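Data block below; observations after.
Quick note: the coordinates plus some simple rules give every number you see, no bench work behind them. What you see is a predicted model, and the numbers here were worked out from it, not measured in a lab. Using ideal geometry, Cβ is built from the backbone for each residue, glycine included, and neighbour counts are taken over all protein chains shown.
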Amino acid sequence: MVDVLVTRPLLKSAMERLDRTFTVHKLYEADDQDAFLSAVGTKIRGVATNGNIGCPPEVLNRTPNLEIVSSFGVGYDGIDVEACRSRGIRVTNTPDVLNDAMAELTLGLMLAVCREIPQAHNYVLQGKWPSGPYHLTRELTGKTLGILGLGRIGKEVARRAQAFKMQVIYHGRNEQPHEPYTYYGDLADMAAASDWLVCIVPGGPATDGMVNTAVLDALGPEGVFINVGRGSTVDEAALIAALKEGRLGAAGLDVFADEPNVPEALKAMPNVVLSPHQGSATHKTRFMMGDLVVENLVAHFDGRPVLTPVA
């Protein structure tokens with residue numbers, strides 16, 4: 001059987017199928033990973049990983065016969081795609097199967113921030129309701145949603161937002177002329193036209209810190225920022241400052257710059273809803289993602305085209 005290196009534990013169903021299909025080497029169980037790679041590196045023809053851990057240089061450089069890196073998740077920040085491409089190594093990810101779950105979480109955060117659901121829940125638990133009703137909140141109807149990153153997930157968010165009677169506009173690298181939403185070539189201009197700004201772009205140098213002070217100030221004191229992409233895409237210090245100083249109205253965050261370490265300042269803010277990177281974390285979606293990781297490996301070693309290539 002083909003030797004495959006697994007960098008970290010995947011879902012149980014995926015691990016069981018990997019064990020049935022390949023000779024699996026579990027890097028994460030090794031006490032001395034350097035010695036482990038020295039022993040098995042030349043055997044390895046495939047790597048199963050995720051986008052954050054990826055295939056670091058110490059793995060890539062020790063696996064001279066590597067043919068494919070199959071990554072769990074849409075993002076592949078931790079994989080040097082160009083280095084893989086130069087060696088003829090295929091890289092795959094798991095798009096599409098998580099679109100619905102991600103869109104649901106996005107709208108869930110929007111509703112939680114808009115109607116202050118966590119805060120209202122605590123209001124009831126703390127016995128405050130008998131003293132008077134909870135204060136009035138925002139609503140989504142009639143508001144403008146600016147989407148940063150109108151990709152597969154962004155389009156699903158846009159469809160759901162329209163069901164809430166929101167107007168949708170977007171910014172991205174390129175205009176998509178066949179989409180029925182207004183395109184903004186400048187992110188700050190779009191933020192200025194938005195009541196809500198949802199960020200759904202991948203991490204990496206091209207997007208690092210792109211939601212900065214200028215963008216947040218353009219969104220304004222009544223604006224709301226939602227991030228379900230990567231924590232690196234927003235200047236977190238600028239975000240905290242904008243929220244503290246009232247230059248931004250509220251935020252809903254599923255991703256952070258230094259996960260799982262969330263700044264204490266964000267935890268203390270009553271106008272912020274936090275989520276522990278749960279975008280795709282449903283039983284159905286994670287099963288499908290794990291299955292796709294294995295399917296890409298199987299297809300490659302069967303001599304068939306991979307299902308979801310990145311490179």
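Separation of the alpha carbons by more than 30 angstrom is noted, of Lys12/Lys165; Lys26/Lys284; Lys155/Lys244, for Lys12/Lys165; Lys155/Lys244. What separates the Cα centres of segment 135-211 and segment 61-114 is a distance of 21 Å. Of the residues Ile226, Ile53, Ile117, the one with the fewest other Cβ atoms within 10 Å heads the list, and the complete ranking is Ile117, Ile53, Ile226. Run the helix sum for the chain: -39,500 (n - 2.57) per DSSP H stretch of 4+ residues, divided by residue count, reported at 222 nm to the nearest 500 deg cm²/dmol. Computed ellipticity for the chain at 222 nm equals -10000 deg cm²/dmol. Placing R0 at 30 angstrom, the Cβ-Cβ distance between Asn212 and Ala281 gives a FRET efficiency of 0.55 after rounding to 0.05. Simple spin-label estimate for Ala237 and Lys128 gives 3.3 nm between the two label positions (7 Å along the Cα-to-Cβ direction from each Cα).
Projecting the Cα atoms of Ala241, Leu266, Val168 onto the charge dipole of the chain (Cβ charges, centred on the Cα centre) puts Val168 farthest toward the positive pole. Counted by Cβ distance under 13 Å from Gly142, the other residues give a net charge of +1, where Lys and Arg count +1 and Asp and Glu count -1.
Charge dipole (Cα centre; +1 on Lys/Arg Cβ, -1 on Asp/Glu Cβ; no other charges) of the chain amounts to roughly 740 debye. For Val91, the residues whose modelled amide H falls within less than 5 Å of its own, excluding neighbours fewer than 5 places apart on the same chain, are Val69, Val310, Ala311.
The convex hull built on the alpha-carbon positions of segment 141-273 has an orientation-averaged projected area of 7.5 nm².
Any chance you could run the full-extension gain for Arg8 through Thr23? It's 0.36 nm times the residue separation minus the Cα-Cα distance, nm to one decimal. Stretched fully, the Arg8-Thr23 segment lengthens by 3.9 nm.
Among residues other than Thr308 with Cβ under 14 Å from its Cβ, the summed charge is 0 (Lys and Arg +1, Asp and Glu -1). Taking the Cα atoms of the chain, the ratio Rg/Rh between the radius of gyration and the Kirkwood radius comes to 1.03. For Ile226, the residues whose modelled amide H falls within less than 5 Å of its own, excluding neighbours fewer than 5 places apart on the same chain, are Leu197, Val198, Cys199, Gly252.
By the count of other C-beta atoms within 10 Å, a proxy for reagent exposure, Asp32, Asp3 are ordered fewest to most as Asp32, Asp3.
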